[in-house]
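**Q** I have a structure I would like to understand better, so I am pasting it below and will then ask my questions one at a time.
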Amino acid sequence: MNKSLLVTRPNYDSATHYLYRWTEPVIAEAKRKHIPVYDLKEDKATKKTFLSYVQSKHPGFLFLNGHGDAFSVGGHDDEVILDKKIDTGALLDCIMYARSCDSGKVLGNTLVGRGVLAFIGYTRKFIVGTTRSKITKPLEDQLAKLFLEPSNLIATTILKGHSAGEADRRSKQAMLKKFGKMISSIGSFEERFAARWLWSDIRSQVVIGDHNASIHS
Amino acid sequence: MTDQTLDQLKLTEEEKNKLKELVLARLTVMPHDISISIGDKNLDKKALTEHVESEDEIGNQMMEMELEFLQDLASGAIYGHE
């Protein structure tokens, strides 16, 4: 497997802005590890550019951020950049994490059936609790951090060479730890209320395919 | 743990109405300074209430989530992970 990272991170509304900014620590981690990064950000997150990079660079790990549904993942301005029609020959032997709503319902199974080694996604809408006063400063949003830091752990664990299954396990473990704090007496009222949303992310995060797949495979 | 849609839960109309009432009641105490980013929307308390009222896709997911949360609280599944 080609040890490189391809990231898509559109940035055109508040939801994509949160994902856009919270993907930065993952990119920084990859760079620290001298892993080549293909960063398709903002208006570069198009189907044409995505296909071009996938076909020419064959990245071992694809980390997709954006809106989506059970059948597709979107890029800039919600253009569908990945669905079942993709030439999956280009996606052979890779691990994919789609931080996108419903991606684990149908799309993940479709892609794994066509050669993607492991797919991590969600069987329902991915949720992030946000603080209204921090909407323009996502990295300062302590509520959003409770959701997005454990989700970043999926990507950073894979970049460290661990398996997709281990990435899922560590991420869920981190979410559960944060969840425990949120519902405890030390959690703020806001955190206690938002805990049910994090619980939904914990329940809906899935790994499809080879749980042992890693970028060292 | 697997998540289930409201349809899969096979609630009676009465049960669904009670669940809806419960979720709406819960939303009355949602803090004003937080919102939820779900799908392509960032929803505050008022918008979230409207989705639940109209029982659309987001409203139904809110109801599913609340039911799961309460069931997992009752069964102790939640505390088993602490």
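**Q** For residues in the range A:193-212 being in a helix (DSSP H, G or I) and farther than 18 Å from B:SER35 by Cβ, which is farthest from the other protein chains (Cβ to nearest Cβ)?
**A** Just the residues of the range A:193-212 that are in a helix (DSSP H, G or I), to begin with: A:193-204.
After this cut, where a residue has to be farther than 18 Å from B:SER35 by Cβ as well, the list is A:202-204.
On the way: A:ILE202: 8, A:ARG203: 5, A:SER204: 5 Å.
It comes out as A:ILE202.
**Q** Among the listed residues A:PRO25, A:PRO36, which satisfies the condition of being at negative phi, in contact with a helix residue (DSSP H, G or I) (Cβ under 7 Å, 6 or more places away or on another chain) and modelled with pLDDT of 95 or more?
**A** On the way: A:PRO36 fails: in contact with a helix residue (DSSP H, G or I) (Cβ under 7 Å, 6 or more places away or on another chain).
None of the others qualify; the one that does is A:PRO25.
**Q** Moving to a separate point now. Would you check if there is a residue in the range A:53-71 being open to solvent by 40 Å² or more (accessible area, probe 1.4 Å) and at positive phi? If you could, list the steps in order and put the result at the bottom.
**A** As a first pass, look at the range A:53-71 and keep what is open to solvent by 40 Å² or more (accessible area, probe 1.4 Å): A:53, A:55-58, A:69, A:71.
Checking the rest, the ones that are also at positive phi come to A:58.
Looking through the range A:53-71, at least one residue is open to solvent by 40 Å² or more (accessible area, probe 1.4 Å) and at positive phi.
**Q** Right, next: Take A:SER151 and tell me if it is touching a Lys or Arg at 6+ places or on another chain (Cβ under 9 Å), crowded, with 23+ Cβ neighbours inside 10 Å and assigned to a helix (DSSP H, G or I).
**A** yes
**Q** If you don't mind, another one. Specify which of the listed residues (B:GLY59, B:GLY76) is in contact with a His (Cβ under 6 Å, 6 or more places away or on another chain) and open to solvent by less than 50 Å² (accessible area, probe 1.4 Å). Steps first, answer last, please.
**A** Working: B:GLY76 fails: in contact with a His (Cβ under 6 Å, 6 or more places away or on another chain).
Answer to the check: B:GLY59.
**Q** Among the candidates A:LYS47, A:LYS33, single out the residue that is over 24 Å from A:HIS162 (Cα atoms), open to solvent by 10 Å² or more (accessible area, probe 1.4 Å) and of a type in the set (D, E, K, R). Give the derivation first.
**A** Numbers: A:LYS33 fails: over 24 Å from A:HIS162 (Cα atoms).
On inspection, the qualifying residue turns out to be A:LYS47.
**Q** Right, another one. For A:LYS3, work out the one condition from (1) outside any loop (DSSP other than H, G, I, E, B); (2) open to solvent by 40 Å² or more (accessible area, probe 1.4 Å); (3) within 24 Å of A:ILE208 (Cβ to Cβ) it doesn't fulfil.
**A** (1) is the only condition that A:LYS3 fails.
**Q** Within the range A:109-147, which residues are within 22 Å of B:ILE58 (Cα to Cα), assigned to a helix (DSSP H, G or I), touching a strand residue (DSSP E or B) at 6+ places or on another chain (Cβ under 6 Å) and not basic (Lys, Arg)?
**A** A:LEU143, A:ALA144, A:PHE147
**Q** While we're here: Could you list, in sequence order, all residues of the range A:72-81 that are open to solvent by 20 Å² or more (accessible area, probe 1.4 Å) and either out of contact with any Gly (no Cβ under 9 Å at 6 or more places or on another chain) or not charged (D, E, K, R) (or both)? So that I can check it myself, show each step before the final result.
**A** Filtering the range A:72-81 down to residues open to solvent by 20 Å² or more (accessible area, probe 1.4 Å) leaves A:76-80.
Scanning the range A:72-81 gives A:HIS76, A:ASP77, A:GLU79, A:VAL80.
**Q** Here is a further query. Among the residues that make up the range A:173-187, is at least one of them part of a loop (DSSP other than H, G, I, E, B), touching a strand residue (DSSP E or B) at 6+ places or on another chain (Cβ under 9 Å) and either within 14 Å of another protein chain (Cβ to nearest Cβ) or modelled with pLDDT of 95 or more (or both)? Quick ask: steps written out before the conclusion?
**A** Pass one, the range A:173-187, residues part of a loop (DSSP other than H, G, I, E, B): A:184-187.
Within this subset, residues satisfying the condition of being touching a strand residue (DSSP E or B) at 6+ places or on another chain (Cβ under 9 Å) are none.
Checked against the condition, which is being part of a loop (DSSP other than H, G, I, E, B), touching a strand residue (DSSP E or B) at 6+ places or on another chain (Cβ under 9 Å) and either within 14 Å of another protein chain (Cβ to nearest Cβ) or modelled with pLDDT of 95 or more (or both), the range A:173-187 yields no hits at all.
**Q** In the range A:161-172, how many are open to solvent by 30 Å² or more (accessible area, probe 1.4 Å) and outside any helix (DSSP H, G or I)?
**A** Residues of the range A:161-172 open to solvent by 30 Å² or more (accessible area, probe 1.4 Å): A:162, A:166, A:169-170, A:172.
Pick out the ones that are also outside any helix (DSSP H, G or I) and you get A:162.
Qualifying residue count for the region: 1.
**Q** State whether one or more residues within the range A:87-94 are assigned to a strand (DSSP E or B) and touching a residue at least 40 places away in the same chain (Cβ under 8 Å). Please lay out each step first, then the result.
**A** The first filter runs over the range A:87-94 and keeps only residues assigned to a strand (DSSP E or B), leaving none.
No, because not a single residue in the range A:87-94 is assigned to a strand (DSSP E or B) and touching a residue at least 40 places away in the same chain (Cβ under 8 Å).
**Q** To continue, here is another question. Take residues that are more than 9 Å from chain A (Cβ to nearest Cβ) and within 30 Å of A:ARG170 (Cβ to Cβ) and tell me which of the helices (runs of 4 or more DSSP H) falling wholly in the range B:3-82 contain 3 or more. Please lay out each step first, then the result.
**A** Details: elements: B:6-9, B:13-27, B:45-54, B:57-75.
Of the helices (runs of 4 or more DSSP H) lying wholly inside the range B:3-82, those with at least 3 residues that are more than 9 Å from chain A (Cβ to nearest Cβ) and within 30 Å of A:ARG170 (Cβ to Cβ) span B:57-75.
The values are calculated or read from the model by the stated rules, or taken from the named source; none is laboratory data. Just so it is clear, the model here is predicted, and its values are computed rather than measured. As a convention, Cβ positions derive from the backbone with ideal geometry for all residues, glycine included, and neighbour counts pool all protein chains shown. When the accessible area is computed, the model is the full protein with side chains, heavy atoms only, and any ligands, DNA or RNA have been set aside. Shrake-Rupley method; radii C 1.70, N 1.55, O 1.52, S 1.80 Å.
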